[in-house]
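Data block below; observations after.
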Amino acid sequence: MSKIAIIGGGAAGMTCAVFLARKGFGVTVYERGERLGRKLSVTGNGQGNVTNTDMGASRYFSDLPDRVERTLARFGAKDTVAFFEGLGGLFLPDARGRVYPAGRQASAVTDLLRGELMRLGAEIRTGAYVRAISERNGKFTVLSDGVDRADAAVLCAGGMAAPNFGTDGNAYALAQAFGHTVTALAPVLVQLRCDPASVRGLKGIRADSRLFVVRGGETVFSARGDVLFTESGVSGDAVFRASSYARTGDRLFVDLLPDVSREKLSSVLAGREGEACLLCVVNNGLGRALYKRAGGDKDKLPDLIKRFPLTVTGTLGFAYAQATRGGIPLAETDEDFQSLKQKGLYFAGEILNADGECGGYNLQWAFSTAYCVSEGIGRCFSR
């Protein structure tokens, strides 16, 4: 029986282990943390957004968009739902196509995978930090808490986002030891920093808004959702989605009342005077800040509400990000994500140079690549 070493016990690693164990391979999962799936257990704001019904390569950023499209065609959103429902779960989409377990509990998704691994008899090593991997004569040596041998190795140890879950970028060095390169890395699905003066007095205020990302006078992205003002900038669902497109220096314009026209606002404010003119129009704290920003000029308020301006000065960094942009170029792997530099070395999930928009796309990438890897190993190695 061929033995497969899977480095990383997150979404990609656990799923790949399930696929391979079902094929009859001897599987060992190395997880540096004390339990599997810690990051998966908090995904989707703790509710487990595993995929999205609106799936396609246009939702991703990568060096090979065509490869992303082919990968999703091999194992897409419907396949993901069928896989997890085959484990005993029930998964349903919301109005935006985001698919969640019916119980809206991400940790339960981890429990499904963990339970299946136990049923299949996969070897799980938690607290196992892999320091090095080497290959000689077709056999891999994995150095962690001991020295193990394997016929193939799969790197699923994530990127650099959310290092509190153990994803600090150490797996890139394991790949570089085999001659792989790593593209420029950046945090995505993350809070945006803005000029502090533009958000002063707004901390903690949340508004259902439409957010526009504008660069050189052109709108490059827009999204409807929550915008939460913070001490350093903005957060919230719309901001996380926009962070995949926004760059330092871009302008953000927030429509704080997207369902109300500028004309309607002008009509509502026409008979009102003073700071109280925005009562029951916007949040009271937001109203006071807007009135002050307008210099007490009531006529400026409709434009300010419909197009509140901010300038992006950066992000809160990897510590607050949900995903990593960049990684091992897809061009350095084959269709099954086997290394073109070392036979028997595979990659799955966030370590690869492909990241998706907010809404279940990054987990779908983890599941899709895990499937492709398992298929490739199934063809190349004996059970």
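The values are calculated or read from the model by the stated rules, or taken from the named source; none is laboratory data. What you see is a predicted model; the values in this text were computed from it and never measured. Neighbour counts are summed over all protein chains in view; Cβ atoms, including those assigned to glycine, are modelled from backbone coordinates with ideal geometry. Ligands, DNA and RNA are stripped out before the accessible areas are found, and what is left, the full protein with its side chains, is counted by its heavy atoms. Shrake-Rupley method; radii C 1.70, N 1.55, O 1.52, S 1.80 Å.
Listed by first and then second residue, the pairs with beta-carbon distance under 7 Å, at least 6 apart or on different chains, first residue in the range 272-294 and touching a residue at least 24 places away in the same chain (Cβ under 8 Å), second open to solvent by less than 80 Å² (accessible area, probe 1.4 Å) and among the basic types (K, R), are C277/K298. If I filter the range 120-143 for residues that are surrounded by fewer than 16 Cβ atoms within 10 Å (Cβ to Cβ), of a type in the set (V, I, T) and out of contact with any Ser or Thr (no Cβ under 8 Å at 6 or more places or on another chain), do I get at least one hit? Looking for residues that are surrounded by fewer than 16 Cβ atoms within 10 Å (Cβ to Cβ), of a type in the set (V, I, T) and out of contact with any Ser or Thr (no Cβ under 8 Å at 6 or more places or on another chain), one finds at least one in the range 120-143, hence yes.
Rundown of residues vs (1) of a type outside the set (D, E, K, R); (2) open to solvent by 10 Å² or more (accessible area, probe 1.4 Å), yes/no style:
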residue	(1), (2)
L304	yes, yes
R307	no, yes
V312	yes, no
Y320	yes, yes
Q342	yes, yes
N362	yes, yes
W365	yes, no
A370	yes, no
S374	yes, no
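Is it the case that the range 99-115 has a residue that's surrounded by 22 or more Cβ atoms within 10 Å (Cβ to Cβ) and part of a loop (DSSP other than H, G, I, E, B)? Looking for residues that are surrounded by 22 or more Cβ atoms within 10 Å (Cβ to Cβ) and part of a loop (DSSP other than H, G, I, E, B), one finds none in the range 99-115, hence no. In the range 168-221, the residue that is nearest to K306 (Cα to Cα) out of those that are at pLDDT 95 or above and touching a Cys at 6+ places or on another chain (Cβ under 9 Å) is L189.
Only residues that are open to solvent by less than 30 Å² (accessible area, probe 1.4 Å) and on the phi < 0 side of the Ramachandran plot were counted in the range 149-177, giving 15. Counting only residues that are open to solvent by 60 Å² or more (accessible area, probe 1.4 Å) and either on the phi > 0 side of the Ramachandran plot or touching a Lys or Arg at 6+ places or on another chain (Cβ under 9 Å) (or both), the range 271-289 holds 6 of them.
Taken together, T324, T333 contain a single residue that is more than 30 Å from A223 (Cα to Cα) and surrounded by 24 or more Cβ atoms within 10 Å (Cβ to Cβ), which is T333.
For first residues located in the range 331-342 and among the charged types (D, E, K, R), partners that are assigned to a loop (DSSP other than H, G, I, E, B) and lie 6+ apart or on another chain with Cβ distances below 8 Å form the pairs E332/H180; E332/T181; E332/L340; E332/K341; D334/L340; K341/F178; K341/G179; K341/H180.
Okay, residues lined up against (1) closer than 21 Å to S134 by Cα; (2) surrounded by fewer than 17 Cβ atoms within 10 Å (Cβ to Cβ):
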{"residue": "Y291", "(1), (2)": "no, no"}
{"residue": "D297", "(1), (2)": "no, yes"}
{"residue": "Q338", "(1), (2)": "yes, no"}
{"residue": "E357", "(1), (2)": "no, no"}
